Amino acid sequence: MRILSGIQPSGRLHLGNYFGMMRPAIELQEKGEAFYFIADYHALTSIQSPADLRVFSREVALDLLASGLDPGRAVLFRQSDVPEVTELSWILSTVTPMGLLQRCHSYKDKVARGLAASHGLFAYPVLMAADILIYDSDLVPVGRDQKQHVEVARDIAIKFNEIYGQALKLPEAEIRDSVAVVPGLDGQKMSKSYGNGIFLSEPEGSFRKKVMGIKTDSTPVEAPKSIEGSLILQLYRLVGTPAECRAMEASFQAGGTGYGEYKKELFRALWGHFANYRRRRAELEASPGRVEAVLEEGAMKARAAARVVLGRVRKAVGLC
Ligand code: ADP
Ligand code: TRP
């Protein structure tokens with residue numbers, strides 16, 4: 001089974017990226033042949049500083065490796081090291097109905113948030129379809145906001161196959177319901193662009209400050225607290241054991257404990273969860289050549305796989 005996912009180097013990675021996409025993707029590396037990439041071509045739709053793009057691309061590589069991506073099992077590479085994907089993207093664009101792209105929420109949302117309404121931003125799902133289809137992917141682990149894009153990839157593959165014969169494999173999205181949308185510090189979806197995130201590489205002081213600053217209601221210390229919609233509990237469930245979560249819920253319902261205590265416990269659990277990440281990240285930062293070597297090897301493997309599918313497609317459409 002081929003598992004594939006990508007993440008844009010458009011900023012530092014946060015807990016939403018980690019629990020929504022990185023952790024599930026890393027767990028899946030045991031289940032099949034995983035291909036994970038840094039979507040730098042995609043990031044050009046929002047980042048126009050070459051220095052930032054370089055820094056963020058390296059950050060994504062470091063964060064994925066430090067979070068447990070094992071380059072012995074999974075292939076890690078930069079999207080732009082496989083330029084074949086842009087050729088496939090063009091070919092796919094010729095069978096992609098305009099209506100399919102016009103229905104995509106992400107384009108409208110991004111323009112509403114102030115991103116330039118470029119052709120690249122509009123055609124982004126076609127490049128994403130090429131990313132997925134060029135590796136004959138079976139499974140695409142992503143957060144819920146990317147579900148529509150995986151469906152578009154599937155629709156494009158179906159359309160292509162109707163016109164040209166069965167050249168493309170149909171992918172499935174894999175979305176973990178429990179972490180489909182990780183809330184940010186304000187309760188909205190955690191996102192790089194909402195300023196409501198806790199970053200994986202967040203230093204201890206600001207990590208603690210952010211957790212202690214989570215907004216809560218004004219229920220008095222002695223009163224029972226609502227577990228429904230509690231941001232503290234939602235974040236705690238990401239890392240607490242089932243018994244720890246049940247204990248916190250019971251304590252909420254019993255009353256007698258202030259939100260500050262729960263936040264301290266939440267900080268302890270979150271910070272502790274990332275102890276291995278911090279150790280591995282420090283090791284990687286101390287040997288910069290290692291990350292480059294992983295990416296180079298990944299590019300070679302990914303490119304070999306991409307060329308097979310692109311060859312099939314070129315033949316199917318009559319380019320050779
Ligand atoms: P952002 O919204 O911060 O720009 P991206 O759109 O680059 O994040 O998302 C990268 C990956 O992380 C995607 O698979 C996305 O679904 C997942 N992801 C991002 N934010 C969250 C979140 N708050 N909860 C769950 N998954 C998320
Ligand atoms: N669009 C995805 C995001 O913003 C990143 C991405 C690009 C991707 N190509 C992909 C994810 C292919 C999965 C598969 O998060």
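The values are calculated or read from the model by the stated rules, or taken from the named source; none is laboratory data. Treat the numbers as computed from the prediction; the structure is a model and nothing was measured. Don't worry about glycine lacking a Cβ; one is built from the backbone with ideal geometry, like all the others, and counts go over all protein chains shown. Calculation scope for accessible area: heavy atoms of the full protein, side chains included, ligands and nucleic acids excluded. Shrake-Rupley method; radii C 1.70, N 1.55, O 1.52, S 1.80 Å.
Quick notes on this structure:
- Test: residue in the range 158-175 that is within 16 Å of ligand 1 (Cβ to nearest atom) and under 20 Å from Asp40 (Cβ atoms): no
- Subset of the range 75-125 [of a type in the set (Val, Ile, Thr), farther than 17 Å from Thr45 by Cα and open to solvent by less than 30 Å² (accessible area, probe 1.4 Å)]: Val75, Val82, Ile91, Val95, Thr96
- Any hit, the range 187-194, residues being basic (Lys, Arg), in a helix (DSSP H, G or I) and at pLDDT below 90: yes
- With respect to (1) within 10 Å of ligand 2 (Cβ to nearest atom); (2) more than 18 Å from Pro97 (Cβ to Cβ); (3) within 17 Å of the chain's Cα centre (by Cα), the lone exception for Tyr135 is condition (3).
- The criterion of being under 22 Å from the mean Cα position of the chain (by Cα), more than 11 Å from ligand 2 (Cβ to nearest atom), hydrophobic (A, V, I, L, M, F, W, C) and closer than 22 Å to Met190 by Cα holds for Ala112.
- For beta carbons closer than 7 Å, sequence separation of 6+ or different chains, a first residue in the range 158-183 that is hydroxyl-bearing (Ser, Thr, Tyr) and a second that is open to solvent by 10 Å² or more (accessible area, probe 1.4 Å) and at pLDDT 95 or above, the qualifying pairs are Tyr164/Ala316; Tyr164/Val317.
- Restricting attention to the range 48-72, the residues that are more than 18 Å from Tyr277 (Cβ to Cβ), open to solvent by 20 Å² or more (accessible area, probe 1.4 Å) and in contact (Cβ under 8 Å) with a residue 12 or more places away in the chain add up to 1.
To keep it simple, each residue is scored yes or no on (1) out of contact with any Leu (no Cβ under 6 Å at 6 or more places or on another chain); (2) surrounded by fewer than 16 Cβ atoms within 10 Å (Cβ to Cβ); (3) under 30 Å from Tyr107 (Cβ atoms).
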position	(1), (2), (3)
Val150	yes, no, yes
Arg154	no, no, yes
Pro171	yes, no, yes
Gly184	yes, no, yes
Lys192	yes, no, yes
Phe199	yes, no, yes
Lys209	yes, yes, no
Met212	yes, yes, no
Glu228	yes, yes, no
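- Residue that is assigned to a helix (DSSP H, G or I), away from ligand 2 (no atom under 16 Å from the Cβ) and within 30 Å of Ser10 (Cα to Cα), where the choices are Lys209, Lys215: Lys209
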